[in-house]
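Structure, as structure tokens:
The numbers here are math on the coordinates, done by the rules we state, and not lab data. These figures come from a predicted structure and were not determined experimentally. Positions of Cβ are backbone-derived with ideal geometry, glycine not excepted, and every protein chain shown enters the neighbour counts.
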Amino acid sequence: MIVRTRIAPSPTGDPHVGTGYIALFNMVFARHKEGKFILRIEDTDKERSKPEYTQNILEGLRWLGIDWDEEPLIQSEQVQQHRAAIETLLQKGLAYRCYANEAELDAMREAQKASNQAPRYDNRHRNLTPDQEAAFQAEGREAVIRFRIDDNAEIRWNDMVRGAMSWRGADLGGDMVVARRAPADQIGDPLYNLVVVVDDAAMAISHVIRGEDHIANTAKQLLLYDALGLPKPEFAHAPLILNGEGRKLSKRDGVTSINDFREMGYTAAAIANYMTLLGWSVPEGMNERFSLGEAAEVFSFDRVNKAGARFDWDKLNWLNSQVLHDLTPEQLLDRLL
Ligand code: GLU
């Protein structure tokens, strides 16, 4: 098998620390397997995506020492394929139009809350008769497209970090919206889980490596692979980066973007080294100070931790000082200037 991995940032802000961290795993693993590492720009959120953010992300990743093979794939250019996949689901009867409006969905959620139920879509429009559909359309209602999720489905995969995983269809929140609201004779903008499956399959991604905040998405996406008859990749869910108190790293910790480190004066080599160490431990006998090339030689997922990775400024500062010590006087002067 040819290993193909990807990093898929959304250009909705500065290059996030988490994007750099996950990109490092994807790149180092692909290099270890002599495969390809590819960049995909997930720009389908038209309101929040901006071209200048794409530029910032490319620059931030390059600064960190991340380079990708092949031309980056631009998600918005794949919209025909995304829509075709939704048509397929509709034709197979695996997806349907849901005409419930916001007020009705709010009332449904309120009722669930009042009776202490977890919020979920109650699949109310799953089996509309043609007459019922015609009546909603005559009212001028718009529709989203929902993918059927069987409550009894058992979704299993062998995660490269977390081992055997299983998820019940009933815990996925009911039939999932795959296309935004649109006039009932159209298909609205395709949404994240559908789009990612279509793109990962089109790019022949063999290993999807991303943060553990995507575990529930993986369960949903596995159902979509089956429904669309697409071959499934392997999955690895890396631990999230936590702050010193064990909470998800956030704005309050002073760093959210790769550029924040750059502006603070850290060397890219130390940041890349440190971020790789956040989720992975070096094999016995290997120095904790390494280049990405050295990490690629020995990288394996059995040394990726399951537990969240606590950010340790002292360790980062130590690594940075090691990098600085190794510079020649000329290199150091150049950086200082
Ligand atoms: N655009 C998504 C994100 O930034 C991609 C997630 C994935 O890797 O599938 O979180």
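Observations, loosely collected:
- Of the residues making up segment 277-302, those that are within 14 Å of Ala30 (Cα to Cα), in contact (Cβ under 8 Å) with a residue 60 or more places away in the chain and in a helix (DSSP H, G or I) are Leu292, Gly293, Ala295, Ala296, Glu297, Val298, Phe301.
- In the set Ala143, Ala164, Ala219, only one residue is more than 30 Å from Glu34 (Cα to Cα) and of a type outside the set (Val, Ile, Thr); that residue is Ala143.
- Condition met for Gln137 (more than 20 Å from Leu94 (Cα to Cα) and either of a type outside the set (Ser, Thr, Tyr) or in a strand (DSSP E or B) (or both)): yes
- Among the residues making up segment 221-231, those that are in contact (Cβ under 8 Å) with a residue 12 or more places away in the chain and either more than 14 Å from Ala153 (Cβ to Cβ) or within 13 Å of the chain's Cα centre (by Cα) (or both) are Gln221, Leu228, Leu230, Pro231.
- Residue satisfying all of: in segment 1-14; more than 9 Å from the ligand (Cβ to nearest atom) and within 14 Å of the chain's Cα centre (by Cα); surrounded by the most Cβ atoms within 10 Å (Cβ to Cβ) among these: Thr5
- Only one entry of Asp213, Asp159 meets the criterion of being touching a residue at least 60 places away in the same chain (Cβ under 8 Å) and either closer than 20 Å to Ala23 by Cβ or in contact with an Asp or Glu (Cβ under 6 Å, 6 or more places away or on another chain) (or both), and that entry is Asp159.
- Across segment 37-50, the qualifying residues are those that are more than 12 Å from the ligand (Cβ to nearest atom) and surrounded by fewer than 20 Cβ atoms within 10 Å (Cβ to Cβ), and the one among them that is farthest from Ala296 (Cα to Cα) is Glu47.
- Residues of segment 311-330 satisfying the condition of being over 21 Å from Glu284 (Cα atoms) and either assigned to a loop (DSSP other than H, G, I, E, B) or among the charged types (D, E, K, R) (or both): Phe311, Asp312, Asp314, Asp326, Leu327, Thr328, Glu330
- Restricting Ile241, Ile155, Ile215 to residues that are β-branched (Val, Ile, Thr), closer than 28 Å to Pro72 by Cβ and touching a Gly at 6+ places or on another chain (Cβ under 8 Å) narrows the list to Ile241.
- Condition check for Tyr53 on (1) more than 30 Å from Met1 (Cα to Cα); (2) exposed (fewer than 15 other Cβ atoms within 10 Å of the Cβ): one failure, at (2).
- Filter result for Pro183 (touching a residue at least 24 places away in the same chain (Cβ under 8 Å) and either among the aliphatic types (A, V, I, L, M) or within 15 Å of the ligand (Cβ to nearest atom) (or both)): no
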